[in-house]
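Report on the structure given below.
The values are calculated or read from the model by the stated rules, or taken from the named source; none is laboratory data. Note that this is a predicted model, so its numbers are computed, not measured. Cβ placement follows ideal geometry from the backbone for every residue including glycine, while neighbour counts extend to all protein chains displayed.
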Amino acid sequence: MCYGDNCEINDTTLVELAKLGDKTAFGELLKRHHGRCVRLASFILRNRGDAEDETQNAYWKAFRHLDQFQGECEFWIWLSKIVTNQCLMFLRRHRRTRLLHLDAERPNYRSGTFDLPCLKPDPERETNRHQVHEVLAIEIRRIPPLLRNVVILRDIKELPMTAVATTLGITVSAAKSRLLRARAELRARVLKRCGGYAHAMVRLRLPGPSVLKIKGAA
């Protein structure tokens, strides 16, 4: 069986082959999603070298626990969760908090060390948000043009509904109805691909153009 760019085998088939012990199939899965995994790890750790190392560690865990993948979501989503957990474990081992050392010159004074809490956003929540936005951007490109256009005009370009309706050549009420259909379709697609954690992340209002980079939305 062939692998690589010249052979069209979907992830589902490769996963099944990998579960049967085909290491080449698993290697092809990692090759397909390596760039995405490293970008995710870099997003969490803010260090390319650490990101590369923890991504490799995540790959070993994914291989050992491949039998636990039941297809509830796409393979890359499952793999990205392992990468995320690996990176969060790394952060816990190397807590990025400031240490304040108070030293006194008085005799018998015992210096103290105080942990100051990190005020940065929760890495896990930020990572989940990043993944949902990535899936959302992909699904906007995949939905039918009839629905995609209204989403781009309203939720990406943030035009008023009157302008959306005028651009599409329909009434305002028709534009609103089409937008509701589009949002419902996107919500269903994102929840299907991302699994349970997306329930807390998907909102009725889609992120604006600064978050989603959609071709044709500029």
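Could you give me the residue pairs with C-beta distances under 8 Å whose first residue belongs to the stretch 5-20 and is within 19 Å of Q68 (Cα to Cα), whose second residue is modelled with pLDDT under 90 and surrounded by fewer than 12 Cβ atoms within 10 Å (Cβ to Cβ) wherever it lies, and which are 6+ apart or on separate chains?
T12/G71; V15/G71; L17/M1
For (1) closer than 19 Å to C194 by Cα; (2) surrounded by 12 or more Cβ atoms within 10 Å (Cβ to Cβ); (3) among the charged types (D, E, K, R), each residue gets a yes or a no:
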| position | (1), (2), (3) |
| --- | --- |
| A18 | no, yes, no |
| K31 | no, yes, yes |
| R39 | yes, yes, yes |
| G49 | no, no, no |
| K61 | no, yes, yes |
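If you take the residues of the stretch 151-166 that are closer than 18 Å to H133 by Cα and either outside the structural domain of H133 (by TED's automatic domain parsing) or β-branched (V, I, T) (or both), which of them is surrounded by the most Cβ atoms within 10 Å (Cβ to Cβ)?
V151
Give the number of residues within the stretch 167-199 that are of a type in the set (S, T, N, Q), modelled with pLDDT of 90 or more and either surrounded by 18 or more Cβ atoms within 10 Å (Cβ to Cβ) or assigned to a helix (DSSP H, G or I) (or both). It would help to see each step written out before you state the result.
Within the stretch 167-199, the first condition is being of a type in the set (S, T, N, Q), and the residues that meet it are 167, 171, 173, 177.
Of the ones still in play, those that are also modelled with pLDDT of 90 or more are 171, 173, 177.
So of that shortlist, the ones also either surrounded by 18 or more Cβ atoms within 10 Å (Cβ to Cβ) or assigned to a helix (DSSP H, G or I) (or both) come out as 173, 177.
Count: 2.
Determine whether T113 is among the hydroxyl-bearing types (S, T, Y), surrounded by 10 or more Cβ atoms within 10 Å (Cβ to Cβ) and at pLDDT below 50. Outline the logic, then answer.
On the way: among the hydroxyl-bearing types (S, T, Y): yes; surrounded by 10 or more Cβ atoms within 10 Å (Cβ to Cβ): no; at pLDDT below 50: yes.
Criteria not met by T113.
Look through L136, L159 and report the one residue that is in a helix (DSSP H, G or I) and aliphatic (A, V, I, L, M).
Step by step, each of L136, L159 is checked, and only L136 is in a helix (DSSP H, G or I) and aliphatic (A, V, I, L, M).
In the stretch 147-165, which residues are over 25 Å from I77 (Cβ atoms) and in contact with a Leu (Cβ under 9 Å, 6 or more places away or on another chain)?
N149, V150, L153, R154, L159, M161, A163, V164
Yes or no, residue by residue, for (1) touching a residue at least 40 places away in the same chain (Cβ under 8 Å); (2) aromatic (F, W, Y); (3) in a helix (DSSP H, G or I); (4) over 14 Å from L88 (Cβ atoms):
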position	(1), (2), (3), (4)
F26	yes, yes, yes, yes
L29	yes, no, yes, yes
H33	yes, no, yes, yes
C37	yes, no, yes, yes
N57	no, no, yes, no
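Does D53 satisfy the condition of being surrounded by 15 or more Cβ atoms within 10 Å (Cβ to Cβ) and over 28 Å from E139 (Cβ atoms)?
Details: surrounded by 15 or more Cβ atoms within 10 Å (Cβ to Cβ): yes; over 28 Å from E139 (Cβ atoms): yes.
It is true that D53 is surrounded by 15 or more Cβ atoms within 10 Å (Cβ to Cβ) and over 28 Å from E139 (Cβ atoms).
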